[in-house]
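One structure below.
The values are calculated or read from the model by the stated rules, or taken from the named source; none is laboratory data. Only a predicted model underlies this, so the values are computations on that prediction, with no experimental measurement involved. Ideal geometry is used to build each Cβ from the backbone, glycine not excepted, and the neighbour counts take in all protein chains shown.
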Amino acid sequence: MSDAAMPHAPGAPSLGRIEAGRHILPLRVYWEDTDASGIVYYANYLRFIERARSDLLRLAGVRQDAIWTEHGVALTVRACAIDYFRPARLDDVIEVHSRILELKGASVRARQSVWRAGEELVRAEVRIACIDRAGRARRLPEPVRHALAMILPLSSEDSHA
């Protein structure tokens, strides 16, 4: 996207990396992410996967504020199914893996998972809808569709995120 491209500035936080058809965002678990026992509070995994989707878009050169101002649309979570297998704990270094499963006219379906040292902790399947200012479904802008297709080629359904 012309004005929506955002280069990665020196000293800026890492946007993660693309590896084997998936976006990988490393994160550290901080005290604020945990409950009193030092285990990540379940709802905070939603924050982790949201950060990963936002950074995936940034890495693809898509700014969410720009698609709102240039195209009058926003990306919003329509559905999310999440499974918790093992807890992450205070000071763990985790990775959020994101893989696009499907691009449709007005939506994107992705699988995201949280890993620690090669062990899957959490898996979510997320459906993202493209909506206009009135909240109605709209087609994904072509620059967004193209950027997502280029950075993360569609993956097979059975490969893990």
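Go through the stretch 100-135 and give me each residue that's crowded, with 19+ Cβ neighbours inside 10 Å and without any contact (Cβ under 8 Å) to a residue 24 or more places away in the chain.
Answer for the stretch 100-135, where residues must be crowded, with 19+ Cβ neighbours inside 10 Å and without any contact (Cβ under 8 Å) to a residue 24 or more places away in the chain: just 115.
Listed here are the residues, each with its yes/no results for (1) farther than 18 Å from residue 143 by Cβ; (2) touching a Cys at 6+ places or on another chain (Cβ under 6 Å); (3) modelled with pLDDT under 95.
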| site | (1), (2), (3) |
| --- | --- |
| 8 | yes, no, yes |
| 42 | yes, no, no |
| 49 | yes, no, no |
| 53 | no, no, no |
| 62 | no, no, yes |
| 112 | yes, no, no |
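Of all the residues that make up the stretch 134-158, how many are more than 23 Å from residue 46 (Cβ to Cβ), part of a loop (DSSP other than H, G, I, E, B) and either modelled with pLDDT under 95 or among the β-branched types (Val, Ile, Thr) (or both)?
4
Of the residues that make up the stretch 79-94, is at least one under 18 Å from the mean Cα position of the chain (by Cα), assigned to a loop (DSSP other than H, G, I, E, B), among the aromatic types (Phe, Trp, Tyr) and surrounded by fewer than 19 Cβ atoms within 10 Å (Cβ to Cβ)?
Residues of the stretch 79-94 that are under 18 Å from the mean Cα position of the chain (by Cα), as a first pass: 79-84, 93-94.
Of the ones still in play, those that are also assigned to a loop (DSSP other than H, G, I, E, B) are none.
Within the stretch 79-94 (the criterion being under 18 Å from the mean Cα position of the chain (by Cα), assigned to a loop (DSSP other than H, G, I, E, B), among the aromatic types (Phe, Trp, Tyr) and surrounded by fewer than 19 Cβ atoms within 10 Å (Cβ to Cβ)), the answer is no, since none of the residues qualifies.
Of everything in the stretch 58-67, what is assigned to a helix (DSSP H, G or I) and in contact (Cβ under 8 Å) with a residue 12 or more places away in the chain? Give them in sequence order. Spell out how you get there, then give the answer.
Filtering the stretch 58-67 for residues assigned to a helix (DSSP H, G or I) gives 58-59, 64-67.
Listed by number, the residues that qualify are 58, 59, 66, 67.
For the stretch 55-82, what are the residues that are more than 21 Å from residue 99 (Cα to Cα) and touching an Asp or Glu at 6+ places or on another chain (Cβ under 7 Å)? It would help to see each step written out before you state the result.
To start, the set of residues in the stretch 55-82 that are more than 21 Å from residue 99 (Cα to Cα) comprises 65-73.
Once the filter is applied, which keeps residues that are more than 21 Å from residue 99 (Cα to Cα) and touching an Asp or Glu at 6+ places or on another chain (Cβ under 7 Å), the stretch 55-82 yields 66, 70, 72, 73.
I'd like to verify a number: residues in the stretch 15-33 that are over 19 Å from residue 110 (Cβ atoms) and either at pLDDT below 85 or touching a helix residue (DSSP H, G or I) at 6+ places or on another chain (Cβ under 8 Å) (or both), how many? First the steps, then the outcome.
If we filter the stretch 15-33 for residues that are over 19 Å from residue 110 (Cβ atoms), which is where we start, we get 28-33.
Applying the additional criterion that residues be either at pLDDT below 85 or touching a helix residue (DSSP H, G or I) at 6+ places or on another chain (Cβ under 8 Å) (or both) yields 33.
So the answer is 1.
Pull up the stretch 35-48, narrow it to residues that are in contact with a Leu (Cβ under 9 Å, 6 or more places away or on another chain) and assigned to a helix (DSSP H, G or I), then point me to the one that is nearest to residue 124 (Cα to Cα).
45
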